[in-house]
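Written below as structure tokens is the structure these notes are about.
Since every read-out is calculated from the coordinates, none of them should be taken as a lab result. Nothing here was measured: the structure is a model prediction, and the numbers come from that model. In this analysis, Cβ positions are derived from the backbone assuming ideal geometry, glycine residues included, and neighbour counts consider all displayed protein chains.
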Amino acid sequence: MWQDTLIFAGSIVAIASLIPTITNEEAIVPHTTSVPTLVVLSGQGLAYYSLDLLGAALGAAAGLVVWSLIAYYKAPDESVLDVGRDRLHESTARVRSVVNGIAG
């Protein structure tokens, strides 16, 4: 199928465009970009595979590998999860102070 070949070729071009991000030691890609991309590529890969577009599914899988590397190695030092955890601790502390003020 020509569509399979075209989608696979597009995946290769998209992956090639990520090489500068991977090789740049100063590049930072937040998890708010990489994680949704991983989710979308996973869904696309499954959809392509279910349609017997094996080349397109392979391209999505290759993109998944590259974006996984970016998510792991290029995340900021203070990742989204760390920021969320810190905000949760701050909110919990505020709730405790309010409860202690009411009870005390």
- request: Compare Ala71, Ala16, Ala93 in a GNM of the chain, Cα atoms joined below 10 Å, and give the one with the largest fluctuation.
  value: Ala93
- line: For segment 5-18, in residue order, the Karplus 3J(HN,Hα) values (coefficients 6.51, -1.76, 1.60; θ = phi - 60°; whole Hz; Gly and Pro = x) are 5, 5, 5, 4, 4, x, 5, 5, 5, 5, 5, 4, 6, 8
- prompt: Toward the positive end of the charge dipole of the chain, about the Cα centre and with charges on Cβ (Lys, Arg +1; Asp, Glu -1), which of Val99, Gly43, Leu54 goes farthest?
  reply: Val99
- prompt: Using +1 on the beta carbon of Lys and Arg, -1 on that of Asp and Glu, and nothing else charged, what's the dipole of the chain about the Cα centre, debye to 20?
  reply: 360
- line: Sequence order, segment 23-29: Karplus ³J(HN,Hα) from phi using 6.51 cos²θ - 1.76 cosθ + 1.60, θ = phi - 60°, Hz rounded, Gly and Pro as x, gives 7, 7, 5, 9, 5, 10, 10
task: Evaluate the relative contact order of the chain (contact order divided by residue number), counting alpha-carbon pairs under 8 angstrom at least 6 apart; express in whole percent.
output: 35
message: Quick check: convex hull over the Cα atoms of the chain, volume per residue in Å³, rounded to an integer?
response: 99
message: Counting only helical runs of four or more DSSP H residues, what would the 222 nm mean residue ellipticity of the chain come to if each run contributes -39,500 (n - 2.57) and the total is spread over all its residues?
response: -27000 deg cm²/dmol
statement: In whole Hz, the Karplus estimates of ³J(HN,Hα) for segment 57-67 (6.51, -1.76, 1.60; θ = phi - 60°; x where Gly or Pro) are 5, 5, x, 5, 5, 5, x, 4, 5, 5, 5
